[in-house]
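The next block holds one structure in the form of structure tokens; read it before the comments.
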Amino acid sequence: MRVVSGIQPTGNLHLGNYLGAIRNWVKMQDEMEEGSQCLFFLADLHAISMPHDPAELASNTLEMTAALVACGIDPMRSVLFNQAQVHAHSELQWLLGGTARMGWLNRMTQWKDKAGKNREGQSVALFTYPVLQAADVLLYQATHVPVGEDQKQHLELARDIAQKFNNDFASEEAPVFTLPEPYIPPEAARIMSLRDGSSKMSKSDPSEMSRINLADDADTIMKKVKKAKTDPEPLPSEAAGLEGRAEALNLVSIYAAMSGQSVDSVLATYGGEGFGKFKPALGEVLVESLAPISERFNALKSDREELDAILARGAAQAREIATPTLDSAYQALGLVRAHH
């Protein structure tokens, strides 16, 4: 198995990012069989498809690297890198641009959602984004790509591009690209704001109290949990009883996700209790799991040299894995590639 997955570099990482994506990556890495490999990259080339601040993108890329390592991604066991340092991503995107079809890209629901009414005003990169995504995985002969619902269509596209390229330019005996299979990660918890159970926990919420940041220390975590919005009712003894109680459901879901239990089993313990008892227990669970992460994260975040070294080493490994595929794509197209 070779698993390839990318993540947009964002700053101000919080509990929602950890439970949403990062923790699944760590699980995948830890459960890899002997001889299998995970490649995880920071999708900084994808980030420029939307208006962005260059200084912010650079610092977010480093901050996200620090977060991934702090949460348990081990650069010695997984290949961790940022796209921009591996030129093969951009090169292969262009080579695949001859195979990808306008009609295929026009059908992408994410393009329709993100472009909205003003299609003409969007960047070309936003339109061709899925071709770069195809290059991201085909470059490494990925066998599996973790996809949520929103990305299924993009993986289908990558398979279509690979299939058409193989048919047009290679033989059945020696295809250039592997067709990657979707890997559906375990359902990620959807973590909501601590101030409003109907909106997602987000770094853009003006209230610091709405989210638990990966950089928060134990006291801050405890304070935020105790101040989290709730209702006056005691907790029910099963999940159905949380219907219409968004904040209560959110806090119980966070407890369940952090302690590896189901919502029902958390309620079997705390059903009938009020939040005066439940919140301190939730705070304890969070502090226990997050304290070592935030300590490592804060130390790494300010160690520019170490972060640069991690990314440079990862990029060198990624380039080595990518080169044979890139070579054979050039060759299949009748292009002569210069080797530096």
Rounded tilt (10° steps) of 304-332 against the dominant C-alpha axis of the chain:
40
Would you work out the charge dipole size for region 246-340 about its Cα centre, treating the Cβ of every Lys and Arg as +1 and the Cβ of every Asp and Glu as -1, and quote it to the nearest 20 debye?
240
Let a ≥ b ≥ c be the square roots of the eigenvalues of the Cα gyration tensor of region 252-334; is it rounded (a/c under 1.5), or, if not, prolate (a/b larger than b/c) or oblate?
oblate
Output the pairs from LYS27/LYS117; LYS152/LYS224; LYS203/LYS277 with a Cα-Cα distance over 32 Å in this structure; if there are none, say none.
LYS27/LYS117; LYS152/LYS224
Rounded if a/c is under 1.5, else prolate if a/b is larger than b/c, else oblate: which is region 32-146, with a ≥ b ≥ c the root eigenvalues of its Cα gyration tensor?
oblate
For region 208-300: relative contact order, % (alpha-carbon pairs under 8 angstrom, 6 or more apart)
40
Report the residue, chosen from LYS152, LYS114, LYS229, that carries the largest GNM mean-square fluctuation when the chain is represented by alpha-carbon nodes joined by springs under 10 Å.
LYS114
What does the charge count around GLU33 come to, taking other residues whose C-beta lies under 14 Å from its C-beta (Lys +1, Arg +1, Asp -1, Glu -1)?
0
Could you work out how far helix 88-97 tilts from the main Cα principal axis of the chain, as a 0 to 90 degree angle to the nearest 10?
70
Relative contact order computed over the chain (Cα-Cα under 8 Å; 6+ residues apart), in percent
23
Placing unit charges on C-beta atoms (Lys and Arg positive, Asp and Glu negative, everything else neutral), compute the dipole magnitude of region 208-300 about its Cα centre in debye, rounded to 20.
220
Ranked packing of 3-14, 135-146, most packed first, by mean Cβ within 10 Å
135-146, 3-14
Per-residue HN-Hα couplings for region 230-240, Karplus 6.51 cos²θ - 1.76 cosθ + 1.60 at θ = phi - 60°, whole Hz, x for Gly and Pro?
9, 10, x, 6, x, 6, x, 9, 8, 4, 4
C-alpha center-to-center spacing [region 288-317, region 125-166] in angstrom
29
Links exceeding 18 Å between C-alpha atoms in this model, out of LYS200/LYS229; LYS227/LYS279; LYS200/LYS279, come to LYS200/LYS279
Cα centroid distance between region 212-235 and region 5-41, in Å?
25
Can you classify region 114-185 as rounded, prolate or oblate using the Cα gyration tensor, where a ≥ b ≥ c are the square roots of its eigenvalues, rounded means a/c under 1.5, and otherwise it's prolate if a/b beats b/c and oblate if not?
oblate
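A short reminder: the numbers here are calculations on the coordinates, not readings from a lab. Since this is a predicted model, take the numbers as computed values, not measurements. Cβ atoms come from the backbone with ideal geometry, glycine included; neighbour counts cover every protein chain shown.
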